Amino acid sequence: MQKNRLEAFSDGVLAIIITIMVLDLRVPQGTDLIALKPVLPVFLSYVLSFVIIGIYWNNHHHLFHSTKHVSGSILWTNMHLLFWLSLLPFATAWMGENHLASMPTAVYGFVLLMASVAFYILQRAIISQQGHDSLLAEAIGSDWKGRLSLVLYIASIPLAFLSAWIANVIYILVASLWFIPDRRIERVIGKHGD
């Protein structure tokens, strides 16, 4: 099967996720800068989630740039990823509205962990379909950033109950690791001239 419909559908879902998140931002009551203080946690949660969705979009694009065809298992693993990402607006709003309270922050971390696991499963499904000597398999290599991200997300969940700020620093750290799109795929594709 061609990959175009999967990419278009995924792009649409990610655009809707961002739209839902921005609709949760409420206009503050008042006209001075002090009026922004109560909505600041919601806004900062939105910014973090927007960046995370942007990171997933960029890396999803790179992932499918190296993919020639998709199979049924790739379609379903992609839906699995989109499911967890679709929960991000809920987790973002809950964390922001409750001023980074422990439980909402831990749930946010759980959603990020599951999205990360889903992305890993999607990569494995593509490599399985295309072969362990495919461009993607070569580009991913040992995937230290993916593995480190999983470990950090796992650590963030219990740490959220110790300090929600520590958990949020971990979320920002993981986002920082991935902020620049994964260039491994671009290098391998450029090396092979595809």
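The table that follows gives values for the structure above.
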quantity: Mean separation of Cα contacts under 8 Å (6+ apart) over length of the chain, as relative contact order %; calculated: 25
quantity: Accessible area expressed per residue, the chain, with surrounding protein chains retained (probe 1.4 Å, Å²); calculated: 53
quantity: Rounded to whole Å, sorted largest first: equivalent-ellipsoid semi-axes of the stretch 85-190, Cα gyration tensor; calculated: 30, 13, 11
quantity: Burial ranking of peptide ranges 1-8, 31-38 (average Cβ count within 10 Å, highest at the top); calculated: 1-8, 31-38
quantity: Centroid-to-centroid separation of the stretch 74-115 and the stretch 2-42 [C-alpha atoms, Å]; calculated: 14
quantity: In range of the label at Gln29: residues from the stretch 53-97 whose backbone nitrogen is under 13 Å from the point 7 Å along Cα→Cβ; calculated: none
quantity: Modelled FRET efficiency - R0 25 Å, Met1 with Ser142, Cβ distances, 0.05 increments; calculated: 0.25
quantity: Sulfur and carbon atoms: percent of accessible area, the chain [1.4 Å]; calculated: 70
quantity: Per residue, the convex hull volume that the Cα atoms of the stretch 99-143 enclose (Å³); calculated: 69
quantity: Selected from Ser142, Ser102, Ser73 as most flexible by GNM, with the chain as the system and alpha-carbon contacts under 10 Å; calculated: Ser142
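The values are calculated or read from the model by the stated rules, or taken from the named source; none is laboratory data. All values reported here derive from a predicted model rather than from experimental measurement. Quick reminder, even Gly has a Cβ in these numbers, built from the backbone with ideal geometry, and neighbours come from all protein chains shown. What goes into the accessible areas is simple: the full protein's heavy atoms, side chains included, and nothing from ligands, DNA or RNA. Shrake-Rupley method; radii C 1.70, N 1.55, O 1.52, S 1.80 Å.
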